Amino acid sequence: MGAGALVTKSFSKRVREGYSGPVIVEVPCGYLNSMGLPNPGVDEMRNVIVEAKESGVPVIASIFGFDEDEYGEAAEASMEAGADALELNISCPHVSEVGVEIGRKPDIVSRITSNVKSRFKGPVIVKLSPNVTDIVEIAKAAANGGADALTATNTIKAIAIDVETQRPILGGKYGGLSGPALKPIALRCVYELYEQVELPIIGCGGVTCWTDIVEYLLAGASAVQVGSALATREISIFKELCEDLSRYMSTHGFKSIKEIVGKAHTFMDTRLS
């Protein structure tokens, strides 16, 4: 349908069941999920990657761990299965001792990235969290560790409460907010990163139409991911996005995506003249 690559569900060295339900709830302008990183472990994910490779497009394996070695072992398993690239999930907002607890510490981010780079012979993308004081600091740590690109961003920590039961709705209490509500935050992160970190950026959060893509490109992203939109749209959304983006480029005389990337940083503020 036009997708340029596939990203797997995040997986780890060990099988993990995740949280008891409810694990997802719809909220205004998005979704809250508290899955708890369920996955079948590296052995089963090898089979998933091999099958996904039959699609004919690059497969990016998303991995996580509770320490450097677990990230490294998941990276090796991904390489054996033929993954084309890795995305390091260091930013899950609702699982303790992993995710954002790792992703807010620059020294750990740098070490994990370096370890994975030494064990995976392909591009390594670090998925950043918006739940940090300074996302640029974390991005620079990833760059120092050898990251080839950045994904901005993972979901933002949030909560939903049921007024009748008078308790949090999600089984894990806190969840990650995705969908259109996340886009302005993720877009700001992309904009900041483009100005201060010399790595390609993948925009992630709330992409539902071509204007969302163009905003991310203008802010500095070189590509975007689509996730939550698939909950309400058909798989044909990828074809629609590509066609609509092509029309926008033709209308504005762009011959390449590269001509759009970062263009919002080059304007002249005429309000001061």
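The values are calculated or read from the model by the stated rules, or taken from the named source; none is laboratory data. Keep in mind that this is a model prediction, so the values were computed, not measured. Backbone-built Cβ (ideal geometry, glycine too); neighbour counts: all protein chains shown.
A few notes on this one:
- Criterion (surrounded by fewer than 16 Cβ atoms within 10 Å (Cβ to Cβ) and either at pLDDT 95 or above or in contact with an Asp or Glu (Cβ under 9 Å, 6 or more places away or on another chain) (or both)) met by exactly one of 38, 28: 38
- Among (1) over 30 Å from residue 17 (Cβ atoms); (2) within 16 Å of the chain's Cα centre (by Cα), the one test that residue 192 misses: (2)
- In a residue-by-residue description of the range 173-193, the property of being hydrophobic (A, V, I, L, M, F, W, C), farther than 25 Å from residue 240 by Cα and assigned to a loop (DSSP other than H, G, I, E, B) applies to no position.
- Consider the range 162-172 and keep the residues that are surrounded by fewer than 19 Cβ atoms within 10 Å (Cβ to Cβ) and modelled with pLDDT of 95 or more. The one that is farthest from residue 110 (Cα to Cα) is 164.
- Note on the range 146-161: residues that are touching a Lys or Arg at 6+ places or on another chain (Cβ under 7 Å) and crowded, with 22+ Cβ neighbours inside 10 Å total 2.
- Every residue from the range 228-247 that is at pLDDT below 95 and closer than 26 Å to residue 148 by Cα: 228
- Residues located in the range 126-184, provided they are small (Gly, Ala, Ser) and in contact with a Phe, Trp or Tyr (Cβ under 6 Å, 6 or more places away or on another chain): 171, 172, 178, 179
- Only listed residue being crowded, with 24+ Cβ neighbours inside 10 Å, at pLDDT 95 or above, closer than 30 Å to residue 84 by Cα and within 17 Å of the chain's Cα centre (by Cα), chosen from 126, 116: 126
- Set side by side, the residues 15, 57, 48 differ, and just one is closer than 26 Å to residue 111 by Cα and among the aliphatic types (A, V, I, L, M), which is 15.
- Hits in the range 78-95 (condition: outside any loop (DSSP other than H, G, I, E, B), of a type in the set (A, V, I, L, M, F, W, C) and surrounded by fewer than 24 Cβ atoms within 10 Å (Cβ to Cβ)): 79, 81, 85
- Within the range 223-266, the set of residues being in contact with a helix residue (DSSP H, G or I) (Cβ under 7 Å, 6 or more places away or on another chain) and farther than 25 Å from residue 32 by Cα comprises 244, 245, 248, 257, 260, 261, 262, 263, 264, 265.
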